[in-house]
Amino acid sequence: MTFAGSPDRVEARLVPERGYEFDRFSISGLPRRPGLDLLRALGRAAAAPAACLRILARRRPDVVLGGGGYVAGPMVVAAWIRRTPAALTEADAHLGLANRLAAPFARRVFLAVPVGRGGRKYRAVGRPVPAASRAVPRPEARSRLGLPPDGPVVLVFGGSLGARLLNELAVDAWGEEGPAVIHLCGERDHEELRGRVSRPDYVLLPFLDEIGLAYGAADVAVARAGGSVWELAAAGLPAVLVPGTFATGGHQEKNAEWFEGAGGAVIVPETEVGRVPEVVASLLADPEWLAAMAAAMRAVAKPDAAEVIADELIALAAAHR
(Lines give C-alpha, C1' and ligand atoms only; values in the text may rest on other atoms or scores of the structure.)
Protein backbone atom coordinates (compact mmCIF):
# COMPACT_ATOMS: atom_id res chain seq x y z
CA MET A 1 0.00 0.00 0.00
CA THR A 2 1.28 3.45 -0.92
CA PHE A 3 -0.12 6.96 -0.60
CA ALA A 4 -0.22 10.01 -2.86
CA GLY A 5 -1.12 13.62 -2.23
CA SER A 6 -0.06 17.23 -2.07
CA PRO A 7 3.41 18.10 -0.74
CA ASP A 8 1.86 21.11 1.02
CA ARG A 9 -0.57 19.20 3.23
CA VAL A 10 -0.12 17.37 6.51
CA GLU A 11 -0.16 13.94 4.87
CA ALA A 12 3.24 14.68 3.32
CA ARG A 13 4.65 14.51 6.86
CA LEU A 14 2.35 12.01 8.54
CA VAL A 15 2.49 9.25 5.92
CA PRO A 16 6.31 8.85 5.86
CA GLU A 17 6.39 9.10 9.67
CA ARG A 18 4.23 5.97 9.76
CA GLY A 19 6.51 4.07 7.42
CA TYR A 20 4.55 4.28 4.14
CA GLU A 21 5.79 5.52 0.78
CA PHE A 22 4.32 8.83 -0.37
CA ASP A 23 4.11 10.17 -3.94
CA ARG A 24 3.69 13.91 -4.32
CA PHE A 25 1.76 15.83 -6.96
CA SER A 26 0.77 19.49 -7.09
CA ILE A 27 -2.89 20.28 -6.44
CA SER A 28 -4.83 22.88 -4.45
CA GLY A 29 -8.41 23.77 -3.67
CA LEU A 30 -10.30 26.20 -5.88
CA PRO A 31 -10.83 29.64 -4.33
CA ARG A 32 -14.45 30.74 -4.35
CA ARG A 33 -13.62 34.17 -5.79
CA PRO A 34 -12.21 35.01 -9.24
CA GLY A 35 -8.61 36.14 -9.31
CA LEU A 36 -5.00 35.09 -9.83
CA ASP A 37 -5.17 32.41 -7.13
CA LEU A 38 -8.09 30.78 -8.93
CA LEU A 39 -6.17 30.76 -12.23
CA ARG A 40 -3.18 29.12 -10.53
CA ALA A 41 -5.40 26.51 -8.89
CA LEU A 42 -7.09 25.74 -12.22
CA GLY A 43 -3.67 25.28 -13.81
CA ARG A 44 -2.63 22.83 -11.09
CA ALA A 45 -5.93 20.96 -11.45
CA ALA A 46 -5.46 20.65 -15.23
CA ALA A 47 -1.92 19.27 -14.82
CA ALA A 48 -2.66 16.96 -11.88
CA PRO A 49 -4.21 13.98 -13.79
CA ALA A 50 -1.05 13.66 -15.91
CA ALA A 51 1.10 13.63 -12.77
CA CYS A 52 -1.23 11.02 -11.27
CA LEU A 53 -0.99 8.90 -14.42
CA ARG A 54 2.79 8.84 -14.03
CA ILE A 55 2.43 7.74 -10.40
CA LEU A 56 -0.01 4.97 -11.36
CA ALA A 57 2.23 3.79 -14.20
CA ARG A 58 5.09 3.43 -11.74
CA ARG A 59 3.09 1.87 -8.87
CA ARG A 60 0.73 -0.29 -10.97
CA PRO A 61 -1.94 -0.60 -8.23
CA ASP A 62 -4.83 -3.05 -8.39
CA VAL A 63 -7.23 -0.54 -6.81
CA VAL A 64 -7.26 3.16 -5.85
CA LEU A 65 -9.04 4.75 -2.87
CA GLY A 66 -9.71 8.49 -2.84
CA GLY A 67 -10.15 10.01 0.61
CA GLY A 68 -12.50 12.75 -0.54
CA GLY A 69 -11.65 16.38 -1.21
CA TYR A 70 -9.83 18.02 -4.08
CA VAL A 71 -6.67 15.90 -3.69
CA ALA A 72 -8.52 12.67 -4.53
CA GLY A 73 -10.19 13.80 -7.75
CA PRO A 74 -7.23 13.80 -10.16
CA MET A 75 -6.05 10.37 -8.96
CA VAL A 76 -9.51 8.83 -9.38
CA VAL A 77 -9.75 10.30 -12.90
CA ALA A 78 -6.28 8.94 -13.72
CA ALA A 79 -7.31 5.51 -12.43
CA TRP A 80 -10.40 5.62 -14.67
CA ILE A 81 -8.22 6.45 -17.68
CA ARG A 82 -6.03 3.43 -16.89
CA ARG A 83 -9.12 1.28 -16.22
CA THR A 84 -7.94 0.68 -12.67
CA PRO A 85 -10.92 0.36 -10.28
CA ALA A 86 -11.27 3.27 -7.88
CA ALA A 87 -13.44 4.12 -4.90
CA LEU A 88 -14.18 7.28 -2.90
CA THR A 89 -14.97 7.93 0.75
CA GLU A 90 -17.21 10.71 2.07
CA ALA A 91 -16.66 11.70 5.70
CA ASP A 92 -19.72 13.89 6.24
CA ALA A 93 -23.51 13.71 6.02
CA HIS A 94 -23.23 15.64 2.77
CA LEU A 95 -21.59 14.57 -0.49
CA GLY A 96 -19.01 17.29 -1.09
CA LEU A 97 -18.40 19.01 -4.41
CA ALA A 98 -15.11 17.22 -5.09
CA ASN A 99 -16.72 13.82 -4.52
CA ARG A 100 -19.74 14.72 -6.65
CA LEU A 101 -17.38 15.60 -9.52
CA ALA A 102 -15.23 12.48 -9.06
CA ALA A 103 -18.07 9.99 -8.43
CA PRO A 104 -18.74 9.23 -12.14
CA PHE A 105 -15.15 7.92 -12.40
CA ALA A 106 -15.40 5.64 -9.33
CA ARG A 107 -16.77 2.11 -9.00
CA ARG A 108 -17.79 2.60 -5.35
CA VAL A 109 -18.57 5.58 -3.13
CA PHE A 110 -18.48 4.86 0.61
CA LEU A 111 -20.78 7.24 2.49
CA ALA A 112 -20.71 8.18 6.16
CA VAL A 113 -24.53 8.24 6.20
CA PRO A 114 -27.23 7.68 3.59
CA VAL A 115 -27.50 10.94 1.65
CA GLY A 116 -30.15 10.03 -0.88
CA ARG A 117 -27.78 8.28 -3.25
CA GLY A 118 -29.02 4.95 -4.53
CA GLY A 119 -27.69 2.14 -6.65
CA ARG A 120 -24.93 -0.40 -6.16
CA LYS A 121 -22.19 2.24 -6.42
CA TYR A 122 -23.13 3.98 -3.16
CA ARG A 123 -22.93 2.30 0.24
CA ALA A 124 -23.36 3.89 3.69
CA VAL A 125 -20.65 2.37 5.88
CA GLY A 126 -19.96 5.08 8.47
CA ARG A 127 -16.59 6.71 8.96
CA PRO A 128 -13.44 4.77 9.91
CA VAL A 129 -12.11 5.65 13.37
CA PRO A 130 -8.32 5.63 13.93
CA ALA A 131 -6.94 3.39 16.67
CA ALA A 132 -5.70 6.45 18.61
CA SER A 133 -9.28 7.76 18.68
CA ARG A 134 -10.83 4.72 20.33
CA ALA A 135 -11.95 5.44 23.89
CA VAL A 136 -9.57 4.38 26.64
CA PRO A 137 -11.24 2.84 29.77
CA ARG A 138 -12.35 5.60 32.12
CA PRO A 139 -10.14 4.85 35.17
CA GLU A 140 -7.00 4.74 33.02
CA ALA A 141 -8.00 7.78 30.95
CA ARG A 142 -8.69 9.98 33.97
CA SER A 143 -5.55 8.86 35.76
CA ARG A 144 -3.32 9.61 32.77
CA LEU A 145 -4.92 13.02 32.24
CA GLY A 146 -4.73 13.99 35.92
CA LEU A 147 -8.51 14.24 36.27
CA PRO A 148 -10.53 13.23 39.35
CA PRO A 149 -11.54 9.54 39.33
CA ASP A 150 -15.13 10.43 40.26
CA GLY A 151 -17.56 13.15 39.27
CA PRO A 152 -18.56 14.56 35.89
CA VAL A 153 -16.01 15.55 33.24
CA VAL A 154 -16.75 17.76 30.23
CA LEU A 155 -14.68 17.50 27.05
CA VAL A 156 -14.35 20.64 24.92
CA PHE A 157 -12.61 20.62 21.55
CA GLY A 158 -12.88 22.23 18.16
CA GLY A 159 -10.65 20.34 15.74
CA SER A 160 -6.90 20.57 15.17
CA LEU A 161 -6.83 24.38 15.22
CA GLY A 162 -9.33 24.67 18.04
CA ALA A 163 -12.49 26.76 17.79
CA ARG A 164 -12.12 30.23 19.26
CA LEU A 165 -15.84 30.52 19.96
CA LEU A 166 -15.83 27.30 22.03
CA ASN A 167 -12.49 28.13 23.64
CA GLU A 168 -13.76 31.46 24.99
CA LEU A 169 -17.07 29.94 26.06
CA ALA A 170 -15.46 27.09 28.01
CA VAL A 171 -12.92 29.20 29.86
CA ASP A 172 -15.52 31.84 30.76
CA ALA A 173 -18.02 29.21 31.96
CA TRP A 174 -15.78 26.72 33.78
CA GLY A 175 -12.32 28.26 34.13
CA GLU A 176 -12.86 29.06 37.81
CA GLU A 177 -15.57 26.64 38.93
CA GLY A 178 -17.84 23.88 37.71
CA PRO A 179 -17.37 20.31 36.52
CA ALA A 180 -13.93 18.97 35.72
CA VAL A 181 -12.91 19.81 32.15
CA ILE A 182 -10.55 18.39 29.54
CA HIS A 183 -10.17 21.21 27.01
CA LEU A 184 -8.26 20.69 23.74
CA CYS A 185 -7.96 24.29 22.56
CA GLY A 186 -5.54 24.06 19.62
CA GLU A 187 -2.05 25.55 19.37
CA ARG A 188 -3.26 28.99 18.31
CA ASP A 189 -5.09 29.92 21.54
CA HIS A 190 -3.24 27.84 24.12
CA GLU A 191 -0.81 30.44 25.47
CA GLU A 192 -3.49 33.12 25.79
CA LEU A 193 -5.95 30.81 27.56
CA ARG A 194 -3.51 29.26 30.06
CA GLY A 195 -3.49 32.31 32.31
CA ARG A 196 -7.29 32.32 32.56
CA VAL A 197 -7.63 28.84 34.06
CA SER A 198 -7.18 28.59 37.84
CA ARG A 199 -8.31 25.03 38.67
CA PRO A 200 -6.26 21.82 38.87
CA ASP A 201 -9.16 19.80 37.47
CA TYR A 202 -9.42 21.99 34.35
CA VAL A 203 -6.92 20.32 32.03
CA LEU A 204 -6.08 22.67 29.16
CA LEU A 205 -4.01 21.19 26.33
CA PRO A 206 -3.37 22.31 22.75
CA PHE A 207 -4.10 18.77 21.48
CA LEU A 208 -3.78 15.08 22.34
CA ASP A 209 -2.09 12.60 20.04
CA GLU A 210 -4.11 9.87 21.77
CA ILE A 211 -7.47 11.62 21.81
CA GLY A 212 -9.10 8.37 22.92
CA LEU A 213 -7.95 9.36 26.42
CA ALA A 214 -10.23 12.40 26.31
CA TYR A 215 -13.14 10.38 24.93
CA GLY A 216 -12.76 7.78 27.65
CA ALA A 217 -12.47 10.33 30.47
CA ALA A 218 -15.51 12.47 29.60
CA ASP A 219 -19.23 12.21 30.34
CA VAL A 220 -20.27 14.71 27.67
CA ALA A 221 -18.52 16.55 24.83
CA VAL A 222 -18.91 20.10 23.57
CA ALA A 223 -17.67 20.25 20.00
CA ARG A 224 -18.12 21.38 16.44
CA ALA A 225 -19.74 18.88 14.07
CA GLY A 226 -16.99 17.93 11.66
CA GLY A 227 -15.85 14.40 10.97
CA SER A 228 -14.73 13.85 14.57
CA VAL A 229 -18.38 13.48 15.59
CA TRP A 230 -18.06 9.90 14.31
CA GLU A 231 -15.33 9.34 16.89
CA LEU A 232 -17.68 10.59 19.61
CA ALA A 233 -20.29 8.11 18.40
CA ALA A 234 -17.83 5.22 18.47
CA ALA A 235 -16.94 6.20 22.04
CA GLY A 236 -20.62 6.37 23.04
CA LEU A 237 -20.07 9.95 24.16
CA PRO A 238 -23.14 12.25 24.29
CA ALA A 239 -22.47 15.55 22.56
CA VAL A 240 -23.54 19.17 22.58
CA LEU A 241 -22.77 20.22 19.02
CA VAL A 242 -22.21 23.79 17.82
CA PRO A 243 -21.95 23.34 14.03
CA GLY A 244 -19.80 25.87 12.25
CA THR A 245 -21.70 27.99 9.75
CA PHE A 246 -18.44 28.44 7.82
CA ALA A 247 -18.36 24.79 6.69
CA THR A 248 -18.64 24.16 2.94
CA GLY A 249 -22.09 23.02 1.84
CA GLY A 250 -23.41 23.28 5.39
CA HIS A 251 -21.96 19.84 6.11
CA GLN A 252 -21.50 20.51 9.84
CA GLU A 253 -25.19 21.33 10.22
CA LYS A 254 -26.07 18.14 8.35
CA ASN A 255 -23.73 16.06 10.52
CA ALA A 256 -25.22 17.56 13.67
CA GLU A 257 -28.79 17.00 12.50
CA TRP A 258 -28.03 13.34 11.78
CA PHE A 259 -26.76 12.68 15.31
CA GLU A 260 -29.43 14.79 17.00
CA GLY A 261 -32.08 12.89 15.05
CA ALA A 262 -30.57 9.64 16.30
CA GLY A 263 -30.87 10.89 19.90
CA GLY A 264 -27.17 11.12 20.68
CA ALA A 265 -26.59 14.87 20.44
CA VAL A 266 -28.13 18.26 21.20
CA ILE A 267 -27.60 21.08 18.71
CA VAL A 268 -26.92 24.62 19.89
CA PRO A 269 -26.62 27.10 16.98
CA GLU A 270 -23.68 29.50 16.95
CA THR A 271 -26.08 32.40 17.52
CA GLU A 272 -27.18 30.78 20.80
CA VAL A 273 -23.79 29.48 21.96
CA GLY A 274 -24.28 31.11 25.37
CA ARG A 275 -26.80 28.35 26.16
CA VAL A 276 -24.15 25.63 26.05
CA PRO A 277 -23.24 25.68 29.79
CA GLU A 278 -26.94 25.44 30.70
CA VAL A 279 -27.47 22.50 28.33
CA VAL A 280 -24.39 20.73 29.70
CA ALA A 281 -25.59 21.27 33.28
CA SER A 282 -29.01 19.82 32.39
CA LEU A 283 -27.40 16.72 30.87
CA LEU A 284 -25.06 16.14 33.81
CA ALA A 285 -28.01 16.47 36.21
CA ASP A 286 -29.95 13.73 34.40
CA PRO A 287 -27.97 10.44 34.32
CA GLU A 288 -30.81 8.60 32.58
CA TRP A 289 -30.84 11.14 29.73
CA LEU A 290 -27.05 10.89 29.43
CA ALA A 291 -27.20 7.09 29.37
CA ALA A 292 -29.88 7.14 26.66
CA MET A 293 -27.78 9.53 24.56
CA ALA A 294 -24.70 7.35 25.01
CA ALA A 295 -26.65 4.30 23.86
CA ALA A 296 -27.97 6.24 20.85
CA MET A 297 -24.43 7.26 19.87
CA ARG A 298 -23.20 3.69 20.03
CA ALA A 299 -26.23 2.52 18.01
CA VAL A 300 -25.42 4.79 15.04
CA ALA A 301 -21.65 4.28 15.23
CA LYS A 302 -20.11 2.03 12.60
CA PRO A 303 -17.04 0.57 14.34
CA ASP A 304 -16.39 -1.81 11.45
CA ALA A 305 -16.33 0.90 8.75
CA ALA A 306 -12.62 0.45 7.99
CA GLU A 307 -12.98 -3.32 7.66
CA VAL A 308 -15.99 -3.00 5.35
CA ILE A 309 -14.15 -0.56 3.07
CA ALA A 310 -11.03 -2.76 3.06
CA ASP A 311 -13.06 -5.84 2.11
CA GLU A 312 -14.79 -3.97 -0.72
CA LEU A 313 -11.44 -2.70 -2.04
CA ILE A 314 -10.00 -6.21 -2.05
CA ALA A 315 -13.07 -7.45 -3.92
CA LEU A 316 -12.68 -4.67 -6.51
CA ALA A 317 -9.01 -5.51 -6.94
CA ALA A 318 -9.71 -9.23 -7.26
CA ALA A 319 -12.39 -8.65 -9.90
CA HIS A 320 -10.00 -6.43 -11.85
CA ARG A 321 -7.23 -9.03 -11.88
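Specify the residue with the greatest mean-square fluctuation among 250, 43, 178, computed from a Gaussian network of the chain linking alpha-carbon atoms under 10 Å apart.
For the chain, modelled as a Gaussian network with Cα springs under 10 Å, the answer is 43.
Label residue 196 and residue 42 with points 7 Å out from Cα along Cα→Cβ: what is the distance between them in nm?
So the two model labels end up 4.3 nm from each other.
Output the DSSP H helices from the chain with an along-axis C-alpha extent of no less than 18 Å and a mean Kyte-Doolittle hydropathy no less than 0.5.
Working: long enough: 36-59 (34 Å, 0.67); 287-300 (20 Å, 0.86); 305-320 (23 Å, 1.23).
For the chain, where a helix must reach 18 Å along its axis and average at least 0.5, the hits are 36-59, 287-300, 305-320.
Considering amide H positions built from the backbone, and no H for Pro or chain starts, which residues 5 or more places from residue 202, or on another chain, come under 5 Å of its amide H?
Placed amide hydrogens put 181 under 5 Å from residue 202.
Suppose we take every Cα in the range 1-86 and form the convex hull; what volume per residue is that in Å³? Working shown, then result.
Numbers: hull volume 7.4 nm³, N = 86.
Dividing the Cα hull volume of the range 1-86 by its residues yields 86 Å³.
For the range 262-309, treating each Cα as an identical point scatterer without solvent, what Debye log10 I(q)/I(0) comes out at q = 0.20, 0.26, 0.33 1/Å?
-0.75, -0.95, -1.12
Compute a Gaussian network model of the chain, connecting alpha carbons closer than 10 Å, and tell me which residue from 33, 58, 194 fluctuates the most.
33
On the accessible surface of the range 141-181, probed at 1.4 Å, how many percent belong to carbon and sulfur atoms? Numbers along the way, then the final one.
Numbers: 910 of 1830 Å².
The value for the range 141-181 is 50 percent carbon and sulfur by accessible area.
Using a 7 Å offset from the Cα along the Cα-to-Cβ direction at both residue 138 and residue 288, what is the distance between the two label points in nm, to one decimal?
So the two model labels end up 1.9 nm from each other.
Once you keep just the Cα pairs under 8 angstrom separated by 6 or more residues, what percentage relative contact order results for the chain?
14 percent.
Evaluated at 37 °C with a viscosity of 0.692 mPa s, what Stokes-Einstein diffusion coefficient in µm²/s does the range 186-271 have when Rh comes from the Kirkwood expression over alpha-carbon pairs?
Numbers: Rh = 14.1 Å.
My calculation gives 233 µm²/s for D.
Most mobile of 29, 118, 186 per a Gaussian network model of the chain (Cα springs, under 10 Å)?
118
On average, how much accessible surface per residue is there in the range 1-107, in Å², for a 1.4 Å probe, leaving out ligands, DNA and RNA? List each step's numbers first, then the result.
On the way: 6090 Å² over 107 residues.
Ligands and nucleic acids excluded, the result is 57 Å² per residue.
Across the Cα atoms of the range 229-279, what radius of gyration and what greatest pairwise Cα-Cα distance (Dmax) are found, in Å?
10.8, 29
Using the Kirkwood radius over C-alpha pairs as Rh, can you work out the diffusion coefficient of the range 81-239 via Stokes-Einstein at 4 °C, viscosity 1.567 mPa s, in µm² per second? Before the final figure, lay out each step's value.
Details: Rh = 17.3 Å.
D, rounded to a whole number, is 75 µm²/s.
Can you give me the long-range amide H partners of residue 153? Hydrogens built in the peptide plane at 1.01 Å from N, cutoff under 5 Å, separation of 5 or more residues or another chain.
219, 220
If each residue of separation counts as 0.36 nm, what is the full-extension length gain between residue 18 and residue 58 once their alpha-carbon separation is subtracted? Walk me through the intermediate numbers first.
Details: separation 40, 0.36 × 40 = 14.40 nm, distance 2.17 nm.
Result: 12.2 nm gained on full extension.
Beyond 24 Å, what percent of the Cα pairs of the range 133-227 remain?
Tail of the P(r) past 24 Å holds 11 percent of the pairs.
Can you check how the C-alpha radius of gyration of the range 67-156 compares to 2.2 N^0.38 Å, as a plain ratio? Show your work: numbers first, answer last.
Values: Rg = 19.0 Å, N = 90, 2.2 N^0.38 = 12.2 Å.
Taking the Cα Rg and dividing by 2.2 N^0.38 Å, one obtains 1.56.
Per DSSP H run of n ≥ 4, the term is -39500 (n - 2.57); total these for the chain, divide by its residue number, and report the mean residue ellipticity at 222 nm rounded to 500 deg cm²/dmol.
Values: 13 runs with 137 residues, N = 321.
Here the helix-only value at 222 nm equals -12500 deg cm²/dmol.
How large is ³J(HN,Hα) for each residue in the range 124-131, as worked out from phi by the Karplus curve 6.51 cos²θ - 1.76 cosθ + 1.60 (θ = phi - 60°), to whole Hz, x for Gly and Pro?
Residue by residue, the range 124-131 yields 7, 10, x, 10, x, 10, x, 4 Hz.
Test of the criteria: in the range 233-293, which chymotrypsin sites (Phe, Trp or Tyr not before Pro) are in a DSSP loop and have at most 13 other Cβ atoms within 10 angstrom of their Cβ? List each step's numbers first, then the result.
Working: sites: 246, 258, 259, 289; in loops: 246.
Loop-located and lightly packed - 246.
Given H placed 1.01 Å from N in the peptide plane, which residues other than close sequence neighbours of residue 109 have an amide H under 5 Å from its amide H?
Here the answer is 88, 122, 123, since their amide H atoms fall under 5 Å of that of residue 109.
Just to check, using Stokes-Einstein with a Kirkwood Rh over alpha carbon pairs, what's the diffusion coefficient of the chain at 25 °C and 0.890 mPa s in µm²/s?
Working: Rh = 21.0 Å.
Once the numbers are plugged in, D ends up at 117 µm²/s.
The values are calculated or read from the model by the stated rules, or taken from the named source; none is laboratory data. All of these numbers come straight from a predicted model, not from anything done at the bench. A quick note on method: Cβ atoms are made from the backbone with ideal geometry, for glycine too, and the neighbour counts reach across all protein chains shown. Note: areas computed on protein heavy atoms with side chains; ligands, DNA, RNA excluded. Shrake-Rupley method; radii C 1.70, N 1.55, O 1.52, S 1.80 Å.
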